[in-house]
Amino acid sequence: MRAVRALTTALAVVALTPACAPPASDGVTVLTYASPYSPTHPFSRADSAWIKWISERSGGRMRIQPYWSSSVLSSEHSMTEIRHGVVDVGLITPIYARGGTHLIHVQAAYYAGLTTFPQQVALYRCLERRDPQFGRELAGLTVLAVQGGNLPGIVTRNRPVNTLEDLRGLRLRAPSELLEVLRRFGADPVDMPMGEVYSALAKGVLDGVVAPADTLRSLHFAEVAHYFNTLRVPRGAYAARAIGASRWNSLTEDQRALLRESVVVWEHALERELHQAELAGEAAGHEIGMTFVSPSAADTATFLKVYNEVAEHNARLSSRFEIDGLRLFRYARSVVARAVVTGAVECTGTETGEEK
């Protein structure tokens, strides 16, 4: 029923959005773009760099009209809304979708050992080429950017996390792939939209949140928390910007070629903005007097061991959806094992780690 209401709302907005967009000049193609984030968020700054590049590269013949702050596109139903033409291009988060993206969801936990944005994006593309299920889960969309990100730490209000034992009893917001991991250390994890976390921290509803340092500034967590454990929790990549298939097919081949060329531009902009945001977040935390705690090597190893055990368990469970997540997990781990040694992600090997 929720899906029906969401679709009804989406179709209503479809009728209104074109009226909001400025009229295009002759010979100019206007694509609408929407994001749930404010224009000052690091994601949006990267989006703005892409918008500028499109205009300049096309000589003004293609223009992007942005809509920020969930004014058009929702966080929860963005994929459905783009498929139905609410906007032409938008920010998507398939790893948080309620249904229909099971493999994309579980694969986000296959990246432990990778530490950089380019490595995360490269592994995603290896996995995407390996399993056509990615394409099925993203049907009706053409992906324009894959996004990795800064590795999260553990932000807490009043109780420092000096060791893994200190997680016991803490109510922490975490992404769904981490819920079972945190439970094994005695925490009480919950999954809620990031936009609700600041208020929950301020009111004491949450004891903390698993989040990267950039959120100390971009989401103002430094204002309501006192401690940051720099555990560097693994995180994966996902398809993050997309255009609806109908709009894509309506473009000329030259226009589609321009958008294909822009993929690397968008991804580089995201990498740059997230790196700068991480530095700014760390600086904000120090300026406001937060205490930064470094985990021991033993705790880091223990956390990663449990993290990978849970990821493998969830990969096995994906067989319930007729998805061979375990095979993909083993392949990902073989790619990561080589990348840890060489520093480069190469799409070679098998799920058993042997070379082809």
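The values are calculated or read from the model by the stated rules, or taken from the named source; none is laboratory data. Here the structure is a predicted model, which is why all the values come from computation and not from measurement. Neighbour counts run over all protein chains shown; Cβ positions are idealised from the backbone, glycine included. Side chains included, ligands, DNA and RNA excluded: accessible areas come from the protein's heavy atoms. Shrake-Rupley method; radii C 1.70, N 1.55, O 1.52, S 1.80 Å.
Count of segment 189-238 residues, restricted to those that are open to solvent by 10 Å² or more (accessible area, probe 1.4 Å) and more than 22 Å from the chain's Cα centre (by Cα), is 9. The residue of segment 334-356 that is nearest to P234 (Cα to Cα), among those that are charged (D, E, K, R) and at pLDDT 60 or above, is R338. Residues in segment 290-312 that are without any contact (Cβ under 8 Å) to a residue 60 or more places away in the chain and farther than 14 Å from V233 by Cα: A298, E309, E312. Among the residues making up segment 242-261, a single one is assigned to a loop (DSSP other than H, G, I, E, B) and not hydrophobic (A, V, I, L, M, F, W, C): T252. Whenever a residue of segment 101-119 is of a type in the set (S, T, N, Q), its partners that are open to solvent by less than 30 Å² (accessible area, probe 1.4 Å) and outside any loop (DSSP other than H, G, I, E, B), lying with C-beta atoms within less than 7 angstrom and at least six residues away or across chains, give the pairs T101/P94; T101/E137; Q107/L127; Q107/L328; Q119/A339. If you go through segment 122-145 and pick out every residue that is aliphatic (A, V, I, L, M), surrounded by fewer than 23 Cβ atoms within 10 Å (Cβ to Cβ) and part of a helix (DSSP H, G or I), you end up with 1. Within segment 221-241, being assigned to a helix (DSSP H, G or I) and small (G, A, S) holds for one residue alone: A222. Filtered by the rule that a residue be hydrophobic (A, V, I, L, M, F, W, C), open to solvent by 10 Å² or more (accessible area, probe 1.4 Å) and part of a loop (DSSP other than H, G, I, E, B), segment 55-108 gives W68, V72, A97. The set of residues in segment 116-151 that are of a type in the set (S, T, N, Q) and over 18 Å from R260 (Cα atoms) comprises T116, Q119, Q120, Q133, N150. Only residues that are within 18 Å of the chain's Cα centre (by Cα), among the aromatic types (F, W, Y) and closer than 24 Å to S246 by Cα were counted across segment 31-64, and they come to 2. With respect to the conditions (1) closer than 24 Å to D324 by Cα; (2) surrounded by fewer than 23 Cβ atoms within 10 Å (Cβ to Cβ), L114 lacks only one, and its number is (2).
Does at least one position in segment 284-296 carry a residue that is assigned to a helix (DSSP H, G or I), at pLDDT 95 or above and open to solvent by less than 40 Å² (accessible area, probe 1.4 Å)? Break it down into steps so the answer makes sense when it comes.
Residues of segment 284-296 assigned to a helix (DSSP H, G or I): 284-288.
With at pLDDT 95 or above added as a condition, the list becomes 284-288.
Now restrict to residues that are open to solvent by less than 40 Å² (accessible area, probe 1.4 Å): 284-285.
Scanning segment 284-296 turns up at least one residue that is assigned to a helix (DSSP H, G or I), at pLDDT 95 or above and open to solvent by less than 40 Å² (accessible area, probe 1.4 Å).
Residues in segment 237-259 that are closer than 27 Å to E177 by Cα and either at pLDDT below 95 or among the hydroxyl-bearing types (S, T, Y) (or both): Y238 only. Is it the case that segment 74-97 has a residue that's over 17 Å from R241 (Cα atoms) and under 16 Å from the mean Cα position of the chain (by Cα)? Within segment 74-97, not a single residue is over 17 Å from R241 (Cα atoms) and under 16 Å from the mean Cα position of the chain (by Cα).
When the residues of segment 59-107 are filtered to those that are of a type in the set (A, V, I, L, M, F, W, C) and touching a Pro at 6+ places or on another chain (Cβ under 9 Å), the one that is nearest to L127 (Cα to Cα) is I104. Scanning segment 243-287 for residues that are among the hydroxyl-bearing types (S, T, Y) and either without any contact (Cβ under 8 Å) to a residue 12 or more places away in the chain or out of contact with any helix residue (DSSP H, G or I) (no Cβ under 9 Å at 6 or more places or on another chain) (or both) returns S250, T252.
Specify the residue that is nearest to V155 (Cα to Cα); the eligible residues are those in segment 183-209 that are of a type in the set (D, E) and outside any helix (DSSP H, G or I). So that I can check it myself, show each step before the final result.
The first filter runs over segment 183-209 and keeps only residues of a type in the set (D, E), leaving 188, 191, 196, 207.
Add one more test, that the residue is outside any helix (DSSP H, G or I), and what stays is 188, 191, 207.
Values: D188: 14, D191: 15, D207: 9 Å.
Ranking the candidates gives D207 first.
For segment 159-188, which positions are of a type in the set (K, R) and under 19 Å from the mean Cα position of the chain (by Cα)? Across segment 159-188, the qualifying residue is only R173.
For the structure I just gave you, tell me whether P160 is surrounded by fewer than 22 Cβ atoms within 10 Å (Cβ to Cβ), within 21 Å of E287 (Cα to Cα) and either in contact (Cβ under 8 Å) with a residue 24 or more places away in the chain or polar (S, T, N, Q) (or both). Answer is yes for this residue.
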